[in-house]
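Below is one structure; the comments refer to it alone.
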Amino acid sequence: MTRTVLTPHHYLEFGKATTNAELNIRIARGKITVRTSLNHRLHTLVFALAWSLGVLAPAHAADNMKAFPPAEQGMVRHVLPLPSKEDESAFQVELLIGKTVETDAGNRYFFGGKIAKETIAGWGFPRYNVSNLGPMAGTRMAVDPDAPKVKRFIPLGGEPYLIRYNSRLPIVVYAPEGVEVRYRVWSAGADVKEIEKG
């Protein structure tokens, strides 16, 4: 019989797992308690479940990267560890994928392409893949042909790509060489207002 106490922000409970293996998981605000007499394989599965919920203590953070393989040839792995915050539900992370290029200063540009989320088998962790950047497109406003070009970061087009803020897991992005991976953190304001009836 083993007992492991972890640090969670969720609650979940299982009763009997099998006729000869008892599993009891309580995840309450402040700690996780795992009592199990399971074999090694099922014990590992229990911890994979805890990882997928993002509830293991920061002491295990170094083990996270074992789930993320090195980048393949022509690709680069980008890793973003997030600092912990008191209320992480009030934050989101926006991924911005693109390149810095020279353009005119007046038009708006974007690259074709998309970010694909993949769940790593056996771990339950997400990874984010960008296979390529498509052609650059933009608006066609008239500009002074003699105006100097400016260097600008041009991102993928479309809606902002937002990820739940979770300091217990790194954000890992695989992108082609030469592609820039940037981010910014969005936060909810403390002022909550009521919508009027109408």
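General observations
- Peptides 101-113, 76-88, ordered by how many other C-beta atoms sit within 10 Å of their residues on average, highest first, read 101-113, 76-88.
- P(r) for region 61-163, from all Cα pairs and a bin width of 10 Å, is 11, 33, 30, 17, 7, 1 %, short bins first.
- Projecting label points 7 angstrom from Cα along Cα→Cβ for VAL101 and ILE120 puts them 3.2 nm apart.
Only the coordinates and a few stated rules stand behind these numbers; no lab work does. From a predicted model like this one, the values you see are computed outputs, not experimental measurements. Because the Cβ atoms are built from the backbone with ideal geometry, glycine has one as well, and the counts that use them run over all protein chains shown.
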